[in-house]
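To start, the structure itself, in structure tokens.
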Amino acid sequence: MRLNAEELACNRGGREVFRGLSFALSSGEAMVISGRNGAGKSSLLRMIAGLVRCAAGQLTLDGGERDTPLAEQCHYLGHQDAMKPSLTVSENLQFWTEFFGARTHTIESALQAVGLAALTDLPAAYLSAGQRRRLSIARLVSVQRPIWLLDEPTSALDSPSQKRLAELMQGHLAGGGMIVAAAHGPIGLERARELKLDPA
Amino acid sequence: MNLGPHADFIVAAYAVTLFVVAALAGWVVLDYSAQCRTLGDLEARGVTRRSQRKG
Amino acid sequence: MIAFNALLVRDMRLAIRVGGGALMGALFFLIVVTMMPFAIGPDLALLARIGPAILWLGALLASLLALDRLFATDHEDGSLDLLMMGALPLELSVATKAIAHWLTTGLPLVVIAPLLGLMLNVELHAMGWLALTLLVGTPALTFIGLVGAALAVALRRGGLLLAVLVLPLTVPVLIFGVAAANAALFGATPFGPPFTILCALTLASLVLGPIAAAAALRHGLE
Amino acid sequence: MPIIDFANPTRFLTIANRALPWLIAVTVIVFAIGLFYVMNAPDDYQQGATVKIMFLHVPAAWLGMLGWGLMSVAALGTLVWRHPLADVAGKAAAPIGAAFTFICLVTGSLWGRPTWGTYWVWDARLTSMLVLLLLYFGVLALYWTAEEPSRGARAAAILSLVGAVNLPIIKFSVDWWNTLHQPASVFRMGGSTIDPALLTPLLIMALAFTLLFATLHLAVMRNEILRRRVRSMRLMQAQELAEAT
């Protein structure tokens, strides 16, 4: 499987953020996007996720399921956690798992993987920011999708959780997945390629 | 006791009152047992309150 | 189908849990209807005559104002991004949210309408028909309001903007809803024609509302 | 027993657990006596047997108002003295007061049908009670919407006090509005003079209802304290897990 980006350009609010951006990513590869604030890191991730339109250029996925749009093969971990405070931990995860069309028997192991298995029946309102973040990460594990788009995934995470996330990411890559992450510092992906976004 | 021509309304008034009070009491009892169950559950898992921890 | 059920159940759960607004619409309805006699006066004959109009206006305002937060909360916590990335087409997701919203907000309005009709001295025998017009008409209000809710969240504004955008669009529903209710109540005109048109309006909005709302979200949220 | 002991929720729970069975028993006995008197009460010469509805309607109205009074006192306790049980007491009074106000309205409407010929008349007293019910609903909605209990409690306390200040004004304006419109021929509920044969059962029923209110209030307060205990334990649970990892 291979993700190709050709001559991408991005306009936000009438301003050109970047253009002429090309890259290719194969199965098992990770790419870290860096660049100063406003360089378009988040916009690029949202573009791959189908949430922002490409002003020019195109994104294609070779291999994989032909009929499925690119957005439906991506997991997007944005700045917000998309978890509802009045639902319990497992209700939250169960909803996203079912909504993305996966079987729900993966929920327990996904919560185990992020270290929240003891809190399944707790309403998410009781969780700290880091715990909510981990619940959000559990979504990536409970539903299989080949491309992970992570926007500053380590924010709000303490170092044991960061290590756990790094293990999850390594596992995902080993299984033939791809990761595109936006980050300011290291996020635990040693062999990741780097894409530096410079203002156009 | 003769309730006269408007017996239905008198009976209905008493019935509604009984129903509302019963619903309130039922809610209180159910809520009480639910809270006790949750508390017991949490205590069984070894969760403690801060006030107990000090002691 | 699993995704549809999951979203429906989640939204209904959110509405009835702490912080949800399930009965707030019904409460607002009750208050608006109560305020009317203070303005008009407690003349029962007059209230009985304009009762259907008061109930319909109250239901209209209640179901529109309750829509304010329909997409806003999902937008603020990032859920809306993920809802767009599911296998369920956005139009269907939006429609599902609207159905859940109607079940938790619109349906209670229909249920308490006869009680409020009693307070307005509306004839008992016609109360069922009046409730029927609301049962058929309120989904149209929800699905038309859906477009306003989507536009409001795309513009990052809430509250009155929604009402300003949507109220003019609900004019036909109001006209035929009140016409059908009055026909059932006073029998001066036949009930069938306005009621059939009301049904048609509802069916049309069930289709058009989600399409327009999804388009508004797609274009507005980039 | 010093009053300060009531401030401690654990202590309060012990007292409540001990007092509740007795309160329930006394309530049941007084209700039995009251209902016996009600059954033997004479009919009113004007209204006939429908006057029996009064024995429900009037106590319910009284308790609906008492509930708001209780909430206002509790609100002062929350805002001024920051008493730990005050907002529990205020929160517990809201649903019970609303329920009694609702009973008052429904029995009033069922009394009105034979008397006025319609279920609802915008009579000054009934309308004031309806506005009170709406205010109760507002407080309940506030408690329901607030995700954090302490913030909800303070907001509800302010609303109860504003309501308490406003209630006489509302009552006055509704009376004024009503006399402006109301034709004088309409029968007014609960005339100024009451036959002693009707007064005794009424007073006993009022006592029974007040006891019922007290019982329910104590039980709801106990539930609320337990609910807060569950909440604090859940917070501890989340925190302990964070410390463990």
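Answer with one residue from A:Gly63, A:Asn4, A:Gly176: the one whose Cα lies farthest towards the positive end of the charge dipole of the range A:2-196, charges on Cβ with Lys, Arg +1 and Asp, Glu -1.
A:Asn4
Please give the charge dipole size of the range C:2-220, origin at the Cα centre, charges +1 on K and R Cβ atoms and -1 on D and E Cβ atoms. Round to the nearest 20 debye. Write out the running numbers ahead of the final one.
Values: 9 positive and 9 negative charges, 22 e Å.
Result for the range C:2-220 is approximately 100 debye, rounded to the nearest 20.
By how many degrees, between 0 and 90 and to the nearest 10, does the Cα long axis of helix D:54-76 differ from the longest principal axis of chain D?
For D:54-76 against chain D, the angle is about 30 degrees.
Can you pull the Kirkwood radius for the range A:2-196, inverse mean 1/r over Cα pairs, to one decimal in Å? Display every interim value, and only then the final one.
Details: mean 1/r = 0.0580 Å⁻¹.
Averaging 1/r across every pair of different Cα atoms and inverting gives 17.2 Å.
Please determine, in degrees from 0 to 90 and to the nearest 10, the orientation of helix C:44-65 with respect to the longest principal axis defined by the Cα atoms of chain C, where the helix direction is its Cα long axis.
Here the helix axis deviates by roughly 0 degrees.
Using square roots of five times the C-alpha gyration tensor eigenvalues, list the equivalent-ellipsoid semi-axes of the range C:2-220 in whole Å, biggest first.
So the three semi-axes of the range C:2-220 are 32, 18, 15 Å.
Counting other beta carbons within 10 Å of each residue's own, what order do D:His57, A:His172, C:His219 fall into, fewest first?
Details: D:His57 28, A:His172 22, C:His219 12.
Listed from fewest to most nearby Cβ atoms, that is C:His219, A:His172, D:His57.
Select from D:Asn178, D:Val139, D:Leu202 the residue farthest towards the positive end of the dipole of chain D; place +1 on Cβ of Lys and Arg, -1 on Cβ of Asp and Glu, and compute about the Cα centre.
Positive-most Cα among the choices belongs to D:Val139.
Over all alpha-carbon pairs in chain D, figure out the percentage whose distance exceeds 33 Å.
Working: 8911 of 29890 pairs.
When every Cα pair of chain D is considered, 30 percent fall beyond 33 Å.
Build a GNM of chain C with springs between Cα atoms under 10 Å: which of C:Pro52, C:Pro193, C:Pro114 gets the top mean-square fluctuation?
Comparing C:Pro52, C:Pro193, C:Pro114 in a Gaussian network model of chain C, the most mobile one is C:Pro193.
For the range A:154-200, with equal point scatterers placed on the C-alpha atoms only and solvent neglected, what are the log10 I(q)/I(0) values from the Debye formula at q = 0.20, 0.31 1/Å, to two decimals?
-0.73, -1.30
Cα gyration tensor of the protein assembly as shown, axes a ≥ b ≥ c as square roots of the eigenvalues: rounded (a/c below 1.5), prolate (a/b > b/c) or oblate?
Oblate, since a/c reaches 1.5 and b/c is not below a/b.
Calculate the dipole size of the protein assembly as shown relative to its Cα centre from +1 charges on Lys and Arg beta carbons and -1 charges on Asp and Glu beta carbons; express the result in debye to the nearest 20. Don't jump to the answer; show the numbers that get you there.
Details: 53 positive and 46 negative charges, 271 e Å.
The calculated dipole for the protein assembly as shown is roughly 1300 debye.
Among C:Ser93, A:Ser34, what is the fewest-to-most ranking by other Cβ atoms within 10 Å? Display every interim value, and only then the final one.
Details: C:Ser93 23, A:Ser34 15.
Final ranking by Cβ density, sparse to dense: A:Ser34, C:Ser93.
Taking beta carbons within 10 Å but only from partner chains, what does the mean come to for residues C:44-55? Before the final figure, lay out each step's value.
Numbers: counts 6, 0, 0, 2, 1, 0, 0, 0, 0, 0, 0, 0.
For this peptide, the per-residue mean of nearby foreign Cβ atoms is 1.
Nothing charged except the Cβ atoms of Lys and Arg (+1) and of Asp and Glu (-1): what's the magnitude of the dipole of the range A:2-196 about its Cα centre? Round to the nearest 20 debye.
On the way: 21 positive and 19 negative charges, 98 e Å.
So the dipole magnitude of the range A:2-196 works out to roughly 480 debye.
Report relative contact order for chain A in percent, whole number only (criteria: Cα-Cα under 8 Å, sequence separation at least 6). Walk me through the numbers before you get to the answer.
Working: 367 pairs, mean separation 62.7, N = 200.
The normalised contact order for chain A reaches 31 percent.
Give, as a single signed number, the net charge of other residues whose beta carbon lies under 10 Å from the beta carbon of A:Thr120, with Lys and Arg counted +1 and Asp and Glu -1.
Values: positive: none; negative: A:Glu91, A:Glu108, A:Asp121.
Summing Lys and Arg as +1 and Asp and Glu as -1 gives -3.
Express the relative contact order of the range D:40-141 as a whole percentage, based on alpha carbon pairs under 8 Å and six or more residues apart in sequence. Walk me through the numbers on the way to the answer.
On the way: 97 pairs, mean separation 28.9, N = 102.
Averaging sequence separation for qualifying contacts and normalising by length gives 28 percent for the range D:40-141.
Choose one of C:Thr133, C:Thr189, C:Ala95: the residue whose Cα lies farthest towards the positive end of the charge dipole of the range C:66-220 (beta-carbon charges +1 Lys, Arg; -1 Asp, Glu; about the Cα centre).
C:Thr189
Tilt of helix C:2-16 relative to the longest C-alpha principal axis of chain C, in degrees (0 to 90, nearest 10)?
Helix C:2-16 sits roughly 60 degrees off the main axis of chain C.
Modelling each spin label as a point 7 Å along the Cα-to-Cβ direction, I'd like the A:Ser128/D:Val28 distance in nm, to one decimal.
Taking the simple label geometry, A:Ser128 and D:Val28 are separated by 5.1 nm.
None of the figures in this text is laboratory data; all of them are computed from the coordinates on show. This structure is a prediction, so every number in the text was calculated from the model and none was measured. When we count neighbours, we look across all protein chains shown, and the Cβ atoms used for this are built from the backbone with ideal geometry, even at glycine.
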